[in-house]
1. Quick one: which of His18, His83 is at pLDDT 95 or above and not acidic (Asp, Glu)?
Amino acid sequence: MPYEIETKRKDLTVDTIHGLLPTPHIHSHLEMIFLTKGHSIVTSDQTEYCMKAGDCFLAFPNQIHFYHDYEPTEGYLLIFSEHL
């Protein structure tokens with residue numbers, strides 16, 4: 001599966017989200033998503049997980065992952081270095 005390599009320059013990024021990234025990607029940080037609204041399918045290492053409001057997903061370093069929103073999504077995004 002082709003994927004994009006993302007380079008993270010900060011040890012910690014906290015942000016609100018309005019829609020999740022549908023492009024397969026990988027990075028050396030952990031990525032935590034907490035949905036407050038909507039419904040998305042997360043694909044991680046070729047396994048699909050259903051995410052709905054109130055759910056949390058954690059992608060580990062160097063794990064290919066992406067999202068497919070079935071409804072508009074909102075929530076919080078934390079991207080952080082394993083050193084934290």
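The values are calculated or read from the model by the stated rules, or taken from the named source; none is laboratory data. All of these numbers come straight from a predicted model, not from anything done at the bench. Note: ideal-geometry Cβ built from the backbone for every residue, glycine included; neighbour counts use all protein chains shown.
1. His18
Yes/no matrix, rows are residues, columns are (1) without any contact (Cβ under 8 Å) to a residue 40 or more places away in the chain; (2) surrounded by fewer than 16 Cβ atoms within 10 Å (Cβ to Cβ); (3) not aromatic (Phe, Trp, Tyr):
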{"residue": "Tyr3", "(1), (2), (3)": "no, yes, no"}
{"residue": "Asp15", "(1), (2), (3)": "no, yes, yes"}
{"residue": "Gly19", "(1), (2), (3)": "no, yes, yes"}
{"residue": "His29", "(1), (2), (3)": "no, no, yes"}
{"residue": "Thr36", "(1), (2), (3)": "no, yes, yes"}
{"residue": "Ile41", "(1), (2), (3)": "yes, yes, yes"}
{"residue": "Asp45", "(1), (2), (3)": "yes, yes, yes"}
{"residue": "Ile79", "(1), (2), (3)": "no, no, yes"}
